[in-house]
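Following: one structure in structure tokens, then a few remarks.
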Protein chains: 2
Amino acid sequence: MLLDVPVSATDVVVLGGGVIGAACAWRLARRGLRVILVDPAPGSGASGAAAGMLAPVSEVQPGEEPLLRLGCHAAQGYPDFVRELERVSGVVTGYRRCGTLAVALTADDRARLAENRRLQAGLGLTVEALTGRRCRDLEPMLDPGVSAGTLIPDDHQVDPRRLLEALRIAATAAGVVTVQGSGTPERVDEALAGVRLDSGTLVRAPRVVLATGAWSRSVVPAVRPVKGQILRLRMPAGEHVLRRTVRAVVHGRDVYLVPRENGELVVGATSEDVGLDQRVTAGAVHDLLRDAQALVPAVSELELTGTTARCRPGTPDNLPLIGPSVVPGLTLATGHHRNGVLLCAVTADAVAAALIDGEVPEGPVRACDPRRPGPARSADIVTTGRDTAAAATAGRR
Amino acid sequence: MLLDVPVSATDVVVLGGGVIGAACAWRLARRGLRVILVDPAPGSGASGAAAGMLAPVSEVQPGEEPLLRLGCHAAQGYPDFVRELERVSGVVTGYRRCGTLAVALTADDRARLAENRRLQAGLGLTVEALTGRRCRDLEPMLDPGVSAGTLIPDDHQVDPRRLLEALRIAATAAGVVTVQGSGTPERVDEALAGVRLDSGTLVRAPRVVLATGAWSRSVVPAVRPVKGQILRLRMPAGEHVLRRTVRAVVHGRDVYLVPRENGELVVGATSEDVGLDQRVTAGAVHDLLRDAQALVPAVSELELTGTTARCRPGTPDNLPLIGPSVVPGLTLATGHHRNGVLLCAVTADAVAAALIDGEVPEGPVRACDPRRPGPARSADIVTTGRDTAAAATAGRR
């Protein structure tokens, strides 16, 4: 049975109800559009596992300056974004400025931290070099082997699960209708017809925002799933094992520990190229615990309350895909990899501007144009649908 | 409010609904007694975490011959016990004879295995010395570092969660009434009055069987909680990572891997002297995964489906406490440490004989007499209650 929603009823369908999709839906509805949000289980993607570090500075890598500029822009606007969201939704998002302490265990690590500091300082960012002793003054539970560090005082954090809850409440309050299901954009000839749900229903709309994270690769082949596994620990009431985010490279892999005010300590995260796989594996849990204990031995005494595996949407050049695609009516908001929580507000603003004002505003988000040239090949889009000429003879499938 | 159940209605209250308590209740009801079983959440103790190895031979330690004799006696009777239980309950318990392969990684381990084989063979048990190559012939996923082993073909296994479900169904079918709650034996003067529930209700009965596992220490101070943490992994459908139980001493700690026919692989277990603490800790999960991977590297690829921490009831001499205590009417069925699943049937038979026939039958279970002399001090019993002489002036609390 096909329940075709009249085209006049909906301006835009947002596919995907994670932090990116929910933020886009909220913003589009706030700007007057009639929005349907489609998701089978909001929060079941990467948003539900994210650690919530708002850390554009500490995560910077050489060659990723466009992403760094975008991240800094997003971080600057975050306090206002959170203030408005908390006011509208009534949900406290756990947003706080706690800073990050990046630490080194080996001579190689120290050299890498020093190199990163040069890069960060060259970009005008606030970073402070610390001795191992000074690191332990700030965080007394650090392993005695920590020999140097970088303090990045401007890094913030938010609780992604609460953030998503707040976004969904705000979106609903703004008039967004959520439909539970999965679907894909569907075209008739060259025009977008809406979203075909797996149940068979066509949700008609002239515009579609694709925000399905790692699952967007079925439409945008350039997107690849990057599996991440994280752990949730519980710090004893009143005991702050850590006061700020601590990160390091241990055994050649990034590990971070994010303490929340509610006593949770998030340890993350693996990066695995294994396709769309959400199974928690013994090896990943082992490695995360080993590396976390190498930084903070007292972790061994903490309660392990949860393990989660989810897939981030990666792109070939590590920049997200934000804005109009080559398919008229289809706007992309995907490919955020590890930065979806940080970038959800700037993404939503850019998507709303593209759909309503006709163009993405000036600024660092323009580097994320899905039609950009280069190795991303993000312009390739796979759509399903029908061609009326063929349909006239072949009949509708 | 006190709801005193009339004394005529109940012959015996069994305190504790794990495998020991449920087996006792079933057996007592089958032998014609009116039984009330009291437990706040059956299966929430050690029974719900047990791996279900029925392995008296592979676990033998020098000086524990009485326990070994009891375990062998219990293992011999297990097939008949399971057959009757499955018939009565309609529950398949996962009982199977798969054998155990104890393996060695180091020269010390090899010496320990050889010493254990001498002990085992001297007791008339079937054990077979294997080379490392032969171990890998039997279990191809073993680490190449495995250099020797002992095959113990007579070890069996059962799924403790299913076993407990079967026992509870069988007990209910035999007329056992289960009361949800916690309680303690209560006396009036020197006579047992029944069980006082935490809610205040007195369940009157002339006889009480104490089967509260690690929680029995409030009545029997000799019992100490021994925390154990285990992991549940999932083997891919159709792939047998292991075919039989594999165990070893790694980094000075016992580790075992128990494959079930349903694809579950149980990895256990820690032994921690930390009191009644059921928190899963990061350090224990890390150590178990590390040691399991040292034996079977492919464990790293398996899905981690569960982590559990529970407390076993230990005793000073590692023998359980089975039979009449120094308090008339109070029978003990506790202190089974790591052997509750193996010993539940022989315990239930002994308890039923003590209550109904007036004495524990001849055989190895007599070594578990709670009134035995020695370091166990298991004769010490703490009961709460009232003395009528005092009550006459002080009033009832």
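No value in this document is a laboratory result; all are computed from the given coordinates. In this text the structure is predicted, and so the values were computed from the model without any measurement. As a convention, Cβ positions derive from the backbone with ideal geometry for all residues, glycine included, and neighbour counts pool all protein chains shown.
In degrees from 0 to 90, rounded to the nearest 10, what is the angle of the helix A:282-295 Cα long axis to the longest principal axis of chain A? Tilt relative to chain A: about 40 degrees.
Which loop GluC sites (Glu not before Pro) in segment B:221-324, with loop taken from DSSP, have no more than 13 other Cβ atoms within 10 angstrom of their Cβ? Could you put the intermediate results ahead of the total?
Details: sites: B:239, B:261, B:264, B:272, B:301, B:303; in loops: B:239, B:261.
For GluC sites (Glu not before Pro) across segment B:221-324 that sit outside H, G, I, E and B with at most 13 neighbouring Cβ atoms in 10 Å, the list reads B:239, B:261.
With an 8 Å Cα cut-off and a minimum separation of 6 or more residues, compute the relative contact order for segment B:238-397 in percent. The value is 14 percent. Listed by Cβ neighbour count within 10 Å, with the fewest neighbours leading, A:152, A:36 appear as A:36, A:152.
Once the Cβ-Cβ distance of residue A:189 and residue A:359 is raised to the sixth power relative to R0 = 22 Å, the FRET efficiency obtained is 0.30. Treating each Cα of segment A:218-360 as an identical point scatterer and summing with the Debye formula, the log10 of I(q)/I(0) at q = 0.10, 0.12 Å⁻¹ comes to -0.44, -0.60.
Each Cα pair under 8 Å and six or more residues apart adds its sequence gap; the mean of these over the residue count of segment A:57-208 is a relative contact order of 23 percent. Take residue A:273, move 7 Å from Cα toward the beta carbon, and the resulting point lies 5.1 nm from the same point in each other copy, nearest first. What is segment B:11-108 by shape, rounded, prolate or oblate, if you read a ≥ b ≥ c off the alpha carbon gyration tensor as root eigenvalues and call it rounded for a/c under 1.5, prolate for a/b larger than b/c, and oblate otherwise? Cα axes put segment B:11-108 in the prolate bin. Across chain A, C-alpha contacts under 8 Å between residues 6 or more apart give a mean separation that, scaled by the residue count, equals a relative contact order of 23 percent. Only alpha carbons enter this Debye calculation for segment A:259-300, each as an equal point scatterer, and the log10 of I(q)/I(0) it gives at q = 0.23, 0.24, 0.27, 0.33 Å⁻¹ is -0.88, -0.91, -1.02, -1.19.
Applying 1/(1 + (r/R0)^6) with R0 = 41 Å to the Cβ-Cβ distance of residue B:41 and residue B:107, what FRET efficiency is obtained, to the nearest 0.05? Write down the numbers at each step before the final one.
Values: r = 46 Å, r/R0 = 1.13.
The value I calculate is 0.30.
Phi-derived couplings, Karplus 6.51 cos²θ - 1.76 cosθ + 1.60 at θ = phi - 60°, listed residue by residue for segment A:44-49: 8, x, 4, 4, x, 10 Hz, with x used for Gly and Pro.
Helical content of chain A, expressed as a calculated mean residue ellipticity at 222 nm, amounts to -8500 deg cm²/dmol (DSSP H runs of 4 or more residues, -39,500 (n - 2.57) each, divided by residue number, nearest 500).
Within a Cβ distance under 12 Å of residue B:117, other residues only, what is the Lys/Arg minus Asp/Glu net charge? Residues near residue B:117 contribute +1 overall. Separation of segment B:332-377 from segment A:225-297 is 46 Å, based on Cα centroids.
Starting from the label point of residue B:87 at 7 Å along Cα→Cβ, the same points in the other copies fall at 7.6 nm, in ascending order.
Hydrodynamic analysis of the protein assembly as shown uses the Kirkwood radius over alpha carbon pairs. Inserted into Stokes-Einstein at 10 °C and 1.306 mPa s, it gives a translational diffusion coefficient of 53 µm²/s.
Estimate the FRET efficiency between residue B:121 and residue A:128 by the formula 1/(1 + (r/R0)^6), using the beta-carbon distance for r and 60 Å for R0, to the nearest 0.05. Approximately 0.35, to the nearest 0.05. Among the GluC sites (Glu not before Pro) in segment A:108-202, those located in a DSSP loop and surrounded by at most 14 other Cβ atoms within 10 Å of their own Cβ are A:190.
What does the charge dipole of chain A about its Cα centre add up to, to the nearest 20 debye, if the Cβ of each Lys and Arg holds +1 and the Cβ of each Asp and Glu holds -1?
Values: 45 positive and 43 negative charges, 72 e Å.
Using only the charged Cβ atoms, the result is roughly 340 debye.
Computed from backbone phi, the HN-Hα couplings of segment A:337-343 come to 6, 8, 10, x, 5, 4, 9 Hz, rounded to whole numbers (Karplus: 6.51 cos²θ - 1.76 cosθ + 1.60, θ = phi - 60°; Gly and Pro given as x). For chain A, modelled as a GNM whose springs connect Cα atoms under 10 angstrom apart, the maximal fluctuation among A:382, A:346, A:195 occurs at A:382. For chain B, the equivalent ellipsoid derived from the Cα gyration tensor has semi-axes of 39, 21, 20 Å, listed largest first.
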